[in-house]
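Okay, so here's the structure we're looking at.
No lab work stands behind these numbers, since they all come straight from the coordinates. From a predicted model like this one, the values you see are computed outputs, not experimental measurements. When we count neighbours, we look across all protein chains shown, and the Cβ atoms used for this are built from the backbone with ideal geometry, even at glycine.
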Amino acid sequence: MGATEDVKFNIGYGKGSADAKDLVNTSSVPLHNEKRVLVDGKRVSTGYFSHSALEQYTRCSKQYEYKYIKREKGRLMFRAKMYGGIVTHDALDELVNSKIQGKPISKETFLSHIDSDLDDKFAKYQEQYISAKIEDLNPEPIDFGARIADPDIFKRLYIAVGSEFYDGHYQNCKPISTEKQFIYHLEVDTGGTIPIVGFIDVIETLGGKPTIVDYKVGAKKSQDDADFSQQLTLYSMAERIPRVAITALQLGTTGGKNPKKAKAGEVVTYLSKRSIKDYARTTENINAALKGIKAGAFPRSGIHNPIVCARTQCPYFDKCMVD
Ligand code: SF4
């Protein structure tokens, strides 16, 4: 990332511009409406684009079409790590928020929330599965027991990395906000702006300067993830904060049947900075996605990416392969 240059921000809060409304209303296909957005204390249900929807279009346009245009129910994906990530993320939010509120919760409380919430999530899943709602969506039965051979071993990975976060990063961080909602009015090529909404994990003071931080729980991350994340660039544009970072709670491994292969997890912060060039690139990318959606272009663009396009990764895999 280059040095930060002076940037003129086109940013606004509240109602979208007339042009944005026109863009939404004249679209040949419905744009994604974000229903949980609050603007000036009121729930807004139309005309706002969520960044996660745009990301889905970038990942695979066909996936976007299934989810947001055709409103198809995909196969419910069960991944133990997904639940582990959600639960740990929620516990982190609560922890950091407690510091902002001046009533920090203890390490024991923080870790016990991860522990008990994981138990709850797995129990809930089993309940849903038994009630056959999930089974209907899953053509193949899931061997729940086999997926999480030993939930306690699995839980220990999250608790270990949570513990390291508490003793290290958390002790030194000075959080300013958590889960902050933003609305960024992005300039569109045809003139005017379109509002894009999202939530920023954490804004905190790192190294004496305000920094937008995305907490990631799970796989190992790299400096490239922080340097080239479009999500972080958009957050940076919306908040007018050039410094961004990923704080990764990277899980260790238990080694399975071979304890010699066990590896401890670690918490790493990858710092980066955004420049005017990054903003221009992201604006261009989002404009290209918006044009594709408006034109009703939904190619199977994820097909060459095995991380995206696999039976275990894409909820629409079975449908897509026969359509
Ligand atoms: S199966 Fe592959 S191409 Fe089809 S929607 Fe999923 S990711 Fe896209």
Check your understanding: If we sort 106-112, 60-66, 278-284 on the protection proxy, mean other Cβ atoms within 10 Å, highest first, what's the order?
Key -> 60-66, 278-284, 106-112
Practice item. Between N172 and M82, with labels modelled 7 Å along Cα→Cβ, what's the label distance in nm to one decimal, could you check? Key: 3.5 nm
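Can you bin region 252-294 into rounded, prolate or oblate? Criterion: square roots of the alpha carbon gyration tensor eigenvalues sorted a ≥ b ≥ c, rounded for a/c under 1.5, prolate for a/b above b/c, oblate for the rest.
oblate
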Practice item. In nm, give the distance between the simple-model label positions of H89 and Q181, each being 7 Å from the Cα along the Cα-to-Cβ direction. Key: 1.8 nm
Review point. Too long at a 27 Å Cα-Cα cut-off: which of K73/K273; K155/K319; K73/K121?
Key: K73/K273; K155/K319
Revision key, fill the gap. Two pseudo-spin positions, 7 Å from Cα along C-beta at Q223 and at D323, lie apart in nanometres by 4.0 nm
Check your understanding: Separation of region 259-323 and region 64-113 by C-alpha centroid, Å?
Key -> 19 Å
Point to revise | region 176-225 - percent relative contact order, Cα under 8 Å, separation 6 or more | key: 30 percent
Exercise for review: Find how much the distance from T190 to D152 grows on full extension, using 0.36 nm per residue of separation minus their present alpha carbon separation; answer in nm with one decimal.
Suggested key: 8.2 nm
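Kindly flag which residue pairs out of K99/K180; K67/K216; K62/K263; K70/K291 have an alpha-carbon separation exceeding 26 Å in this structure.
Violating the 26 Å Cα-Cα cut-off are K62/K263.
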Check your understanding: By its C-alpha gyration tensor, with a ≥ b ≥ c as the square roots of the eigenvalues, how is region 177-323 shaped: rounded for a/c under 1.5, else prolate for a/b larger than b/c, else oblate?
Key -> oblate
